[in-house]
Every structure is written in C-alpha cells, then in structure tokens.
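Below you'll find the structure, written out as structure tokens, and then a few comments.
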Amino acid sequence: MPVRHQERHLTGRISWLRAAVLGANDGIVSTASLVLGVAAAHSTHSNILVAGVAGLVAGAMSMAAGEYVSVHSQADTEQAELARERVELKTDDESEHKELTAIYVARGLDPSLAKQVAEQLMAHDAIGAHALDELGISETLSARPIQAALVSAGSFAVGAALPLLVTVIASEARLIPLVSGTSLAFLALLGGVAARVGGAGVTVGAIRVLFWGALAMALTAGVGALFGTVA
Ligand SMILES: [Zn+2]
C-alpha cells in the first residue's frame, strides 16, 4: 500500500498574502505621512482627521482601480492566449500533439512515454493540458481582477486605519510622536511578516520597510512644516 504524504502547497495563498501585506504597508506609509504632514503644518485636530480619512478613501480607491486594471489586462491576455490555443487545437491537432510531446521530452520523459502522456492528457482535456504545460496558465494562479482589487483596497484601508486610530486617540501635542512611533512599529511588524511569508530574513525585511517608511514620513512632515511656516 503506497504511503500518501500530505504536502500543503501555499503558492496561491502566498501571493494573496503578500499582496495584502504590501497593501497594508502602503496604507500605513501614505496615511501616516499625510497625517504627519498636515499636523506639521499646524492644522487643527479635526482638519488632520479629515485629511487622514480622505487619504484612506482616495488611497483605497486608487489601489483598487490600479489593481483591477492591471489584473484585468493580465486576464485579457490569458483569455486571448487560450482562444488562440483553442483554434490551433481545432485546426492542427497533429502539431499540437507533437508540441506537447516535445514539452514532456524537454522535461525529462522518454519520447515514447512523452507521446503516450500527451495523447492521454489531450484525450482527457486538450485545452487544459496545453494551458498548463505550454502557456503556464493554471486555475490556481489565473487572474481574478475583482478579488485582487478588493484585497488591495481592503488591505490598504486596514493599514491606513492604524495611524488614523492613533490620530483619533492622541492629543494635538503628542500626535506627531505617537503617530510616527506606532506607524513605524506596525511597519516593522508587517515588513517582518512579509519577509517571513516570502522565505526571506525577517530582520532585513523589517529594516527595509522601516527605512522607506521613516523616509516618507520625515519628508512629508518636513514639507508640511515648511508650508505651515509660509501659509
Ligand atoms: Zn499548444
């Protein structure tokens, strides 16, 4: 009796997780920077909050729009490739058999076994076999524009909500140190998680995100302070 070993491939889930972590990262950096910039310009607490909420909505919508358009164009390309493949399968079955056989030979199968495998797979599901082994289009990784847009907008909004919550709680005097301090802590955490999920070093991942986050916040606060003095 062959022993079945359970292997859990997270490939599909990893790409979603990475997209969510990066989306939340964007939300924290852009909203915290916005809040710090407006605060550094000596705006009132309510104006800072309004700017932060507007930043959350604008950022989430632009992430959703960008993700939807880019993933949709990927989906369009995939559909066009599949449509072309269907025509080729209909008009030139013999070459398509040879093509798939050659792919399996290149992957290490004996020519006779490769021919047999190609014949059986094409008899079972010709377009499926060609989509996967020739075009690299698999059901698991195929483009899903709506889901991608929702994940992107949702994760951005969750990320942006963190510095906004701190802004609601913090007094005007302590707003800048509290928002920048907590946002950097959230970023370090997310950077570490993203690195861990991707199989990279947690510390390096955290430091990389911290550096760019701190730079974005410092620059925006600097510009805000500048405008605050001239306005
Ligand atoms: Zn083909």
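Throughout, read-outs are computed from the coordinates displayed, never taken from laboratory work. These numbers were taken from a predicted model, which means no experiment stands behind them. Note: ideal-geometry Cβ built from the backbone for every residue, glycine included; neighbour counts use all protein chains shown.
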The condition of being in contact with a Phe, Trp or Tyr (Cβ under 8 Å, 6 or more places away or on another chain), surrounded by 14 or more Cβ atoms within 10 Å (Cβ to Cβ) and in contact (Cβ under 8 Å) with a residue 60 or more places away in the chain holds, among L187, L175, L150, L162, only for L162
From L82, L132, grab the single residue that is within 35 Å of the chain's Cα centre (by Cα), within 13 Å of the ligand (Cβ to nearest atom) and touching a residue at least 40 places away in the same chain (Cβ under 8 Å). L82
Is at least one residue of the range 86-93 within 12 Å of the ligand (Cβ to nearest atom), polar (S, T, N, Q), exposed (fewer than 15 other Cβ atoms within 10 Å of the Cβ) and farther than 28 Å from G23 by Cα? yes
Within the range 141-199, can you find the residues that are in contact with a His (Cβ under 6 Å, 6 or more places away or on another chain) and more than 20 Å from H42 (Cβ to Cβ)? P145
What helices (runs of 4 or more DSSP H) lie completely within the range 84-179 and have 1 or more residues being of a type outside the set (A, V, I, L, M, F, W, C) and within 30 Å of V38 (Cβ to Cβ)? 145-169
Go through the range 94-114 and give me each residue that's touching a residue at least 24 places away in the same chain (Cβ under 8 Å) and within 11 Å of the ligand (Cβ to nearest atom). E96, H97, E99, L100, I103
